[in-house]
Amino acid sequence: MLGHQVKVEFVRVFTWRQCIVWAALVLVLPVIQFMLIKDGYVYYRQLDLFLRLNSNFVPLLFPIIMVLVYSISFPSEQKNHFIPYVRIRIPLTTYFLSKLIVNAILSFLIAFLIVFVPFIFSMYIEPYLGIVRFYPTNGNPIPYTTFEQLLVLGTLPYGVLYSLWVGLNGMMYATMGLLLVMILEKPFIALSIPFVYYLLGNFITQVLGYDQFSPTFTIFPFSISQQPLWTVFVPFLFLCFVVMVLMFYLKERLHKHHD
Amino acid sequence: MPHILLDQVSKSFKGATIFENVNFAVEKGKIYGIIGPNGSGKSVLFKLICGFLFPDHGRVIVDGEELGVNKRFPSDFGIIIDRPGYIAGKTGFDNLKALALIRNKISDDKIKQTMRLVGLDPESTQKVKHYSLGMKQKLAIAQAIMEDQQTLILDEPFNALDADSVENIRNLLRKFKEEGRTILLTSHNQEDIDVLCDEVYRINRFKLEKVKK
């Protein structure tokens with residue numbers, strides 16, 4: 001039953017309009033960022049271009065982008081009393097779980113592509129186009145960043161693994177957003193909380209002097225010197241814990257909430 | 001064995017009693033009318049029968065299976081409870097399609113046929129948020145009957161319908177009864193109850209009382 005409902009949710013969500021929204025989420029911010037940074041910075045390596053492409057908009061707006069992938073469509077079902085008519089056809093837990101699964105898959109893919117597309121462009125396409133000018137280091141130190149430890153595996157594995165990491169984090173923020181929409185009465189507040197959590201996490205870690213554990217720097221570590229890889233798992237595990245608590249709360253409250 | 005049986009059912013919310021030791025048996029192939037003033041518990045009764053709520057005491061048994069014990073929800077029920085439900089940004093057809101896909105029992109043609117049956121245009125590109133109240137009500141009726149549900153639980157199915165539509169839906173319900181389907185309905189309009197129902201019950205002092213027709 002769950003497998004069928006996941007398929008149904010995919011059928012429902014894959015419309016032309018939705019595909020255009022996803023394409024815009026993946027492409028618009030990196031394209032704007034590229035236009036802004038292609039001339040104004042000194043680049044020593046193709047990788048520097050990739051790192052710069054992933055700064056500014058995407059790290060700042062990451063949780064918002066993630067809730068726009070799928071979670072934002074759910075309040076319209078709750079708002080107009082649609083759920084009782086679903087409920088007579090399928091158990092609520094199955095229905096909500098199918099939505100959480102679809103949301104997780106889609107947000108993972110979009111977050112992955114938001115990073116992987118600029119990576120492919122920076123490392124494999126731009127060298128042929130020659131749009132960006134690269135300079136010799138002339139003895140200047142190259143600012144290595146977290147995850148560059150993975151370059152020993154090769155450039156493409158680095159790109160894939162790093163994009164998978166961003167995908168995982170995107171999935172968790174999107175899941176947090178959808179769970180909150182399912183739990184809370186006010187969708188706007190529910191969809192804002194992942195962003196507030198993200199900002200608050202950054203603020204607290206900076207105030208305490210633990211930048212290396214901030215949500216932003218552990219997903220987009222381009223404004224902080226290279227950290228040991230284990231540091232990125234600290235806020236991620238905390239995020240996983242928060243999501244698990246929300247899941248448990250939803251499971252306990254689901255029927256009471258909709259009776 | 002009755003199709004639906006409420007056995008000594010009691011239900012209260014925050015200390016306010018809605019039902020107390022209610023017994024109610026529903027036979028297949030009949031139309032039952034439930035009447036009572038606003039807030040008397042008509043919707044609660046329907047929610048208990050659908051498994052949306054569980055009784056504090058007593059049992060709700062559908063086709064021999066106790067809700068909440070043998071099964072969570074009764075199968076093959078079509079419902080309208082409280083008010084029509086819809087996704088505002090989709091067309092009427094897309095709304096019904098979204099629901100029909102869950103069970104995957106009926107084709108697009110069946111959905112369109114049902115929409116025509118209740119007086120909606122299946123080809124219309126009008127989003128439901130732009131529907132009139134009557135059109136939303138027809139959409140609610142369509143989702144309750146489109147999968148040939150054998151038991152219909154209809155809370156105020158004639159709300160906001162014009163006279164022609166009321167007559168159309170009454171005829172539909174009569175036809176369903178002839179086919180052997182079971183229907184429970186509420187209506188504020190006594191005429192709907194009088195012309196349709198085989199048995200009528202009134203909610204009075206937390207109990208269901210049979211009303212002579």
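Is there a residue being of a type outside the set (A, V, I, L, M, F, W, C), crowded, with 18+ Cβ neighbours inside 10 Å, within 14 Å of chain B (Cβ to nearest Cβ) and farther than 19 Å from A:Ile189 by Cα anywhere in the stretch A:46-54?
no
Which of the helices (runs of 4 or more DSSP H) contained wholly in the stretch B:1-120 include at least 3 residues that are touching a strand residue (DSSP E or B) at 6+ places or on another chain (Cβ under 9 Å) and among the β-branched types (Val, Ile, Thr)?
Hits in the stretch B:1-120: none.
So which helices (runs of 4 or more DSSP H) are wholly in the stretch A:150-259 and hold at least 1 residues that are over 23 Å from A:Ile64 (Cα atoms)?
A:155-183, A:187-207, A:233-258
From the list B:Phe77, B:Phe46, B:Phe54, which residue is among the aromatic types (Phe, Trp, Tyr), within 14 Å of chain A (Cβ to nearest Cβ) and closer than 14 Å to B:His3 by Cα?
B:Phe77
Only one of B:Lys105, B:Lys129, B:Lys97, B:Lys71 is surrounded by fewer than 14 Cβ atoms within 10 Å (Cβ to Cβ), at the interface with chain A (Cβ under 9 Å from one of its Cβ atoms) and not hydroxyl-bearing (Ser, Thr, Tyr). Can you tell me which?
Only one candidate qualifies: B:Lys129.
So which of A:Ser98, A:Ser76, A:Ser71 ends up being crowded, with 21+ Cβ neighbours inside 10 Å, among the hydroxyl-bearing types (Ser, Thr, Tyr), within 14 Å of chain B (Cβ to nearest Cβ) and closer than 30 Å to B:Ser75 by Cα?
A:Ser98
Go through (1) in a helix (DSSP H, G or I); (2) within 12 Å of chain A (Cβ to nearest Cβ); (3) free of Cβ contacts under 8 Å to residues at least 12 places away in the same chain and name the single condition B:Leu139 misses.
With respect to (1) in a helix (DSSP H, G or I); (2) within 12 Å of chain A (Cβ to nearest Cβ); (3) free of Cβ contacts under 8 Å to residues at least 12 places away in the same chain, B:Leu139 is out only on (3).
Please specify each residue of the stretch B:37-67 satisfying the condition of being of a type in the set (Gly, Ala, Ser), surrounded by 14 or more Cβ atoms within 10 Å (Cβ to Cβ), more than 16 Å from the chain's Cα centre (by Cα) and at positive phi.
B:Gly58, the sole residue that qualifies.
Given the stretch A:44-113, what helices (runs of 4 or more DSSP H) lie entirely inside it while holding 2 or more residues that are charged (D, E, K, R)?
Correct list: A:46-53, A:75-79.
Could you tell me whether A:Pro215 is more than 14 Å from the chain's Cα centre (by Cα) and on the phi < 0 side of the Ramachandran plot?
No.
Looking at A:Gln18, A:Gln33, which is the one that is at pLDDT 90 or above, surrounded by fewer than 17 Cβ atoms within 10 Å (Cβ to Cβ) and of a type in the set (S, T, N, Q)?
Exactly one of A:Gln18, A:Gln33 is at pLDDT 90 or above, surrounded by fewer than 17 Cβ atoms within 10 Å (Cβ to Cβ) and of a type in the set (S, T, N, Q), namely A:Gln18.
What number of residues in the stretch A:114-145 are surrounded by fewer than 18 Cβ atoms within 10 Å (Cβ to Cβ) and either of a type in the set (D, E, K, R) or not in a helix (DSSP H, G or I) (or both)?
Of the residues in the stretch A:114-145, 14 are surrounded by fewer than 18 Cβ atoms within 10 Å (Cβ to Cβ) and either of a type in the set (D, E, K, R) or not in a helix (DSSP H, G or I) (or both).
The values are calculated or read from the model by the stated rules, or taken from the named source; none is laboratory data. Since the model is a prediction, treat every value here as computed from it, not as a measurement. For neighbour counting, all protein chains shown are included, and Cβ atoms are generated from backbone atoms with ideal geometry for every residue, glycine included.
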